[in-house]
Amino acid sequence: MVIARTGANGQVDLLGSGYAPSAGFLRGVVVDLEEASDSIRRAVQEAEAKADVSADWATVGISGDHIQSFNCHGAITIEGKNNEVTARDVAQVVAAAQSIPLPPSREIIHVRPQEFYLDNSGGIHNPVGLTGSRLDADVHVVTADNALTQNVINAVNCAQIRVRKVILQHLASAEAVLTGDEKELGSVVVDIGAGTSDIALVVRNSVRFTSMLPVAGGHFTRDLAVGLRTPIEEAERIKKECGSVRTDGIADDELIDVPSIGSRSTRPMLRRFVCEILHHRAMELLELVRDQIERAGERDQVLAGAVITGGGSMLAGLLDIAEQVLEMPVRQGLPLGAGGLTEDLLHPTYATAVGLAMLSAQESERGPARGGKTSSAPWLINRILSWVGS
């Protein structure tokens, strides 16, 4: 969680941050309201203490396998004066593109324009003021399950915070870690959290594809816990301190101490065995990511390569293995473009939260608040939260 504000020039300045273990979530979905709200409350208290600011609303990141996204197309006839495209025409063609049948249990949370066409001439990002007889639009639509989204909002409300916006975490991560050139030339962002790995493909400054994989950092930890027969907490520690997804360079006789479950004594274990477990899970995850990039159908447009972020990206050797599996340049994604990025915040774990702050600033004038009133201080972004379900 971060607390941020925007200045007169639109710059986002981070004021404070809070971190708490994610409880009550499973793969991005609330499974225990009380535990989830308690996690939120603890992150809130830490961030407010650091920022010395108290606020009443939040922008909340959302993910999970209930999220569905797809690309749509719409078209309208330009009937205004001199056939000049107006902002109203743009709104109408975007609305036409998103006019798709949805069951009552689902809602649209994002409609992101990709490209406009005027009389079949494409490559247009802002058609307002241009002249033509027909306007077409390609858009990326993101939908979510109403009930599961409301459960996240309820968890935040139980922590005495109102929800202003719900934003897809994939979009927030991409906003925080991509440079302008990467957005233009084409990049894929992979945010490896604890319970899910979120994927976003951005080409020519527009979102072309988003998806989620139910495999992430928590699965690496659980594999170690099972393979080593050690508690989850110890498996997490071993992963961070001794783990690597590469086995080359590790001596065949190098040992580590592995605590046993219950009252059993600590046992020596080959470090190579630990790394082999992590290697197999990393290969599975990266092959799934590669499949998703192929499914997007725009692999040849990803000229700038992949950016991997989130806490899971810190696993030693992962970036090297990713370059081999994905067959493209790979770098680690750190938050960019916001003021107040202290050493603590310059970390992949905070990419989504910082991106939520940036997107909240950009969209602060669009639409009413959800789940409560807007802040009385418009320059304050207030609480920006994101979770990765365990």
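Taking the beta-carbon count within 10 Å as an exposure proxy, list Y19, Y117, Y350 from fewest neighbours to most. Present the calculation step by step, with values, prior to reporting the outcome.
Values: Y19 16, Y117 19, Y350 27.
Ordered by Cβ neighbours within 10 Å, fewest first: Y19, Y117, Y350.
I want the antiparallel fraction of DSSP beta bridges within the chain, as a percent rounded to 5.
Of the beta bridges lying entirely in the chain, close to 75 percent run antiparallel.
So what's the back-of-envelope 222 nm ellipticity for the chain, counting only DSSP H runs of four-plus at -39500 (n - 2.57) apiece and dividing by all residues, rounded to 500?
On the way: 10 runs with 128 residues, N = 390.
Calculated from helices alone, the mean residue ellipticity at 222 nm is -10500 deg cm²/dmol.
Sorted by mean Cβ packing within 10 Å, highest first, what order do the peptides 61-67, 278-284, 185-191, 196-202 take?
196-202, 185-191, 61-67, 278-284
Under 10 Å, Cα contacts only: if you run a Gaussian network model on the chain, which one of V29, V44, V226 comes out with the highest mean-square fluctuation?
Of V29, V44, V226, the most mobile in the Gaussian network model is V226.
Rounded, prolate or oblate, given the Cα gyration tensor of the range 246-285, with a/c below 1.5 counting as rounded?
Here the range 246-285 falls in the oblate category.
Can you sort L326, L285, L356 by how many other beta carbons sit within 10 Å, fewest first?
So the ranking, lowest neighbour count to highest, is L326, L285, L356.
With the crude spin-label approximation of a point 7 Å out along Cα→Cβ, what separation in nm comes out for F70 versus D257?
Using points 7 Å along Cα→Cβ, the separation is 5.7 nm.
Using a Cα-Cα cut-off of under 16 Å, which aspartates and glutamates could be cross-linked to K81, ignoring same-chain neighbours fewer than 8 residues away?
By straight Cα distance, K81 reaches D89.
For S121 and L288 in one chain, what is 0.36 nm times their gap in residues minus the Cα-Cα distance, to one decimal in nm?
Length gained between S121 and L288: 56.5 nm.
Hey, what does the equivalent ellipsoid look like for the chain, semi-axes from the Cα gyration tensor as sqrt of 5 times each eigenvalue, largest first, whole Å?
Ellipsoid semi-axes (Å, largest first): 39, 26, 18.
Using only Cα atoms, tell me the angle between helix 271-296 and the longest principal axis of the chain; keep it within 0 to 90° and round to the nearest 10.
Result, in degrees: 10.
With everything on Cα atoms, drop me the angle between helix 351-362 and the longest principal axis of the chain, reported from 0 to 90° to the nearest 10.
20 degrees
Could you list V128, V139, V90 in order of exposure, starting from the residue whose Cβ has the fewest other Cβ atoms within 10 Å?
In order of increasing Cβ crowding within 10 Å: V128, V90, V139.
Where does the charge balance sit around V12 when Lys and Arg score +1, Asp and Glu -1, over other residues with C-beta under 13 Å from its C-beta?
My count for the surroundings of V12 gives -2.
For helix 87-97, what angle does its Cα long axis make with the longest principal axis of the chain, in degrees from 0 to 90 and rounded to 10?
That helix lies at roughly 60 degrees to the long axis.
For I100, put the label point 7 Å out on the Cα→Cβ axis and report which residues of the range 201-224 keep their amide N under 18 Å from it.
Inside the label zone: 201-203, 206-213.
Here, each number is a calculation from the coordinates, and none is a lab measurement. Remember, it's a predicted structure, so these values are computed and weren't measured experimentally. Glycine gets a Cβ as well: all are built from the backbone with ideal geometry, and neighbour counts include every protein chain shown.
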